[in-house]
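Notes to accompany the following structure.
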Amino acid sequence: MLHKQMEKYISSELMSNPSVKKVELYQEEIEYIQKHELIPNDVTLIEKDPTTRFLEAYIERCDKESEETIATESFGFLENSIDYLQKHKNEFLYFESHWFDQIGVDSISFEVNDVFGTYDVMVGLKLQKKFESSLKDNLRKELQGDKGKFELIFNQNDGVWDLNFALNNVKGFQEEMSLEEAYRLIYRFLFTLVERIEGRSKVMN
């Protein structure tokens with residue numbers, strides 16, 4: 001999936017402006033493209049400012065109990081410290097971005113866990129059921145700590161993995177980070193997770 005998505009993105013970028021042999025992307029995608037040699041030698045990769053990744057994101061603040069939308073927020077809302085969620089424990093954040101589509105994630109729910117006090121990330125991950133063992137192995141390896149490590153259930157109706165993990169256990173997490181930095185960390189974690197699972201699948205095949 002990730003391999004095909006990257007090829008599709010590169011093709012779209014080059015076709016939109018054939019006279020300019022360059023593609024602008026972020027660090028994660030550039031590293032992937034270079035590793036898998038997905039572009040011709042005459043095409044230049046330009047790294048974009050990471051803080052601009054989610055400028056187009058759709059963000060809702062929602063009530064945990066009713067799941068109703070409290071307000072729709074702009075990108076500027078992400079400048080808030082992550083402890084916004086500690087101060088508003090009755091809320092969760094609903095987040096959509098086309099960048100998450102690249103790795104098979106439609107949306108993300110983000111909230112503070114009422115039991116452990118951790119910052120919990122809930123996603124539906126579009127990976128086949130056959131990847132269960134690899135997915136669990138990678139999650140156990142990459143998530144640090146013991147509190148609320150992760151929950152993983154395959155949703156037969158939607159054909160996706162319902163994954164819930166504590167961002168606190170992801171390498172790079174900091175209590176003082178902003179919401180924007182938190183979403184970038186979530187993206188990098190999931191991107192790497194999908195890449196490793198697909199890579200392992202190719203080796204096994």
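Counting only residues that are of a type in the set (D, E, K, R), over 21 Å from R188 (Cα atoms) and in a loop (DSSP other than H, G, I, E, B), the range 57-101 holds 5 of them. The single residue among F154, F189 that is in the same structural domain as E73 (by TED's automatic domain parsing) and within 15 Å of the chain's Cα centre (by Cα) turns out to be F189.
Just one of (1) within 19 Å of the chain's Cα centre (by Cα); (2) over 30 Å from M15 (Cα atoms) fails for Q86. It is (1). Within the range 130-182, being in a helix (DSSP H, G or I) and surrounded by fewer than 12 Cβ atoms within 10 Å (Cβ to Cβ) holds for K130, S133, R140, K141. Would you check if F54 is assigned to a strand (DSSP E or B), touching a helix residue (DSSP H, G or I) at 6+ places or on another chain (Cβ under 7 Å), within 18 Å of I186 (Cβ to Cβ) and not acidic (D, E)? So F54 does not fit the description; no.
In summary, L185 fulfils each of the numbered conditions (1) among the aliphatic types (A, V, I, L, M); (2) touching a residue at least 24 places away in the same chain (Cβ under 8 Å); (3) surrounded by 13 or more Cβ atoms within 10 Å (Cβ to Cβ) with the single exception of condition (2).
Residue count for the range 4-58, restricted to those that are small (G, A, S) and in contact with a Ser or Thr (Cβ under 9 Å, 6 or more places away or on another chain): 1. Looking across the range 108-123 at every residue that is modelled with pLDDT of 95 or more and not acidic (D, E), the one that is farthest from Y9 (Cα to Cα) is identified as V112. Restricting attention to the range 15-51 and to residues that are free of Cβ contacts under 8 Å to residues at least 12 places away in the same chain and under 21 Å from I186 (Cα atoms), the residue that is surrounded by the most Cβ atoms within 10 Å (Cβ to Cβ) turns out to be E31.
The values are calculated or read from the model by the stated rules, or taken from the named source; none is laboratory data. As the structure is a computational prediction, the values presented were derived from the model and not from experiment. Glycine also receives a Cβ, built like all others from the backbone with ideal geometry; neighbour counts cover every protein chain displayed.
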